[in-house]
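Q: Handing you a structure now.
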Amino acid sequence: MTIAFSKPAMAALATSALALSACAPKAPEDLPPPPTETEVLPPAPVTPTPTPTPTGPQVGTQSHFEQAVGSASVIYFDTDRFNIDSTDAAALQAQAQYFARFPQLTFTIEGHCDERGTREYNLALGERRANAAKNYLVSLGVSTDRIRTVSYGKERPVALASNAEAWAQNRRAASIIIN
C-alpha cells in the first residue's frame, strides 16, 4: 500500500525534515582532555553535634511553672477572707508574666480553706478565693478561657496540724497547670 501526498504536503514534509536535520547535535571540534588521575582523600570524620539535653523541667509542666514563678504559684489568705493583698498581687503578676510567655497553657486555680467552719461554708469560701485570683489574672491580660476554677474547701489540706500555722498554710489559692 502506498500513500500519496500532494505537492504542498510533500513540500511541508521536506521543509520539516530539513529543519530538524539542522538542529541535530554536532560533534565539538576540540574534545576535552582525558581525565587525569587525582588522589582520592578519605572523607573527613563527622563529629556529631551533641543534642542539647534539657537542663530543667519541660515547658508546660507544673514543675516548670513552679521553677519559673517560685513560691508565687500559691497565694495565701487571711481567715474568712478572699481579697487580694499586695503580696498576692505581686505573686499573681509573676504568674501573669509566665502565662503571657506560654499562651498555649491552660490551668486551674484551686481554692482551699483551713479545717474550721462547715463543709458548705468552706466550699463557698474556696470558690470565692479561686475566683478572686482568676479575676485578678484576667485583669492582667490572661484570657478567661484559659482558666478553670475549683473549690476544695477544707478537703485537701497541705498542713495537717490543728494550729494557726497549719491553718495559714491551708488558706490558699493554688495555680495548677493542666497542659
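Q: Tell me, yes or no, whether region 94-106 has at least one residue that is farther than 19 Å from Phe65 by Cα, polar (S, T, N, Q) and either modelled with pLDDT of 95 or more or surrounded by fewer than 21 Cβ atoms within 10 Å (Cβ to Cβ) (or both).
A: No, because not a single residue in region 94-106 is farther than 19 Å from Phe65 by Cα, polar (S, T, N, Q) and either modelled with pLDDT of 95 or more or surrounded by fewer than 21 Cβ atoms within 10 Å (Cβ to Cβ) (or both).
Q: If you check Arg129 against the conditions, is it of a type in the set (D, E, K, R), out of contact with any Lys or Arg (no Cβ under 6 Å at 6 or more places or on another chain) and assigned to a loop (DSSP other than H, G, I, E, B)?
A: Judged against the criteria, Arg129 is not a match.
Q: Next question, about the same structure. How about region 97-126: which of its residues are in a loop (DSSP other than H, G, I, E, B) and not hydroxyl-bearing (Ser, Thr, Tyr)?
A: Phe102, Pro103, Gln104, Leu105, Cys113, Asp114, Glu115, Arg116, Gly117
Q: Taking the conditions exactly as written (under 19 Å from Ser63 (Cβ atoms), out of contact with any His (no Cβ under 6 Å at 6 or more places or on another chain) and modelled with pLDDT of 95 or more), does Ile177 satisfy them or not?
A: For Ile177, the condition - under 19 Å from Ser63 (Cβ atoms), out of contact with any His (no Cβ under 6 Å at 6 or more places or on another chain) and modelled with pLDDT of 95 or more - is met.
Q: Within region 159-171, which residues are touching a residue at least 24 places away in the same chain (Cβ under 8 Å), within 29 Å of Gln58 (Cα to Cα) and surrounded by fewer than 21 Cβ atoms within 10 Å (Cβ to Cβ)?
A: Selection gives Gln169 alone.
Q: Which pairs do you get when a residue that is within 13 Å of Tyr76 (Cα to Cα), found in region 103-128, comes within reach of a residue that is of a type in the set (D, E, K, R) and in a strand (DSSP E or B), reach meaning Cβ atoms under 6 angstrom, with the pair 6+ apart or on two chains?
A: If the second residue must be of a type in the set (D, E, K, R) and in a strand (DSSP E or B), the pairs left are His112/Arg172.
Q: If I filter region 39-49 for residues that are on the phi < 0 side of the Ramachandran plot, among the small types (Gly, Ala, Ser) and either surrounded by 10 or more Cβ atoms within 10 Å (Cβ to Cβ) or at pLDDT 95 or above (or both), do I get at least one hit?
A: Within region 39-49, not a single residue is on the phi < 0 side of the Ramachandran plot, among the small types (Gly, Ala, Ser) and either surrounded by 10 or more Cβ atoms within 10 Å (Cβ to Cβ) or at pLDDT 95 or above (or both).
Q: Assess whether Ala68 counts as being surrounded by 13 or more Cβ atoms within 10 Å (Cβ to Cβ), assigned to a helix (DSSP H, G or I) and modelled with pLDDT of 85 or more.
A: yes
Q: For the structure I just gave you, tell me whether Thr87 is part of a loop (DSSP other than H, G, I, E, B) and surrounded by fewer than 14 Cβ atoms within 10 Å (Cβ to Cβ).
A: Here the answer is no, as Thr87 does not meet what is asked.
Q: Checking the conditions here, which among Ala68, Ala94, Ala72, Ala89 is closer than 16 Å to Ile177 by Cβ and more than 21 Å from the chain's Cα centre (by Cα)?
A: None of the other options fit; the residue is Ala72.
Q: Can I ask one more? Considering only residues that are in contact with a Ser or Thr (Cβ under 9 Å, 6 or more places away or on another chain) and surrounded by 11 or more Cβ atoms within 10 Å (Cβ to Cβ), look in region 50-65 and name the one that is modelled with the lowest pLDDT.
A: Among residues in region 50-65 that are in contact with a Ser or Thr (Cβ under 9 Å, 6 or more places away or on another chain) and surrounded by 11 or more Cβ atoms within 10 Å (Cβ to Cβ), the one modelled with the lowest pLDDT is Pro57.
Q: Test Arg146 against the stated conditions and say whether it is basic (Lys, Arg), more than 27 Å from Ala68 (Cα to Cα) and either surrounded by 19 or more Cβ atoms within 10 Å (Cβ to Cβ) or in contact (Cβ under 8 Å) with a residue 12 or more places away in the chain (or both).
A: No, not satisfied.
The values are calculated or read from the model by the stated rules, or taken from the named source; none is laboratory data. Values in this document were obtained by computation on a predicted structure and should not be read as measured data. Note: ideal-geometry Cβ built from the backbone for every residue, glycine included; neighbour counts use all protein chains shown.
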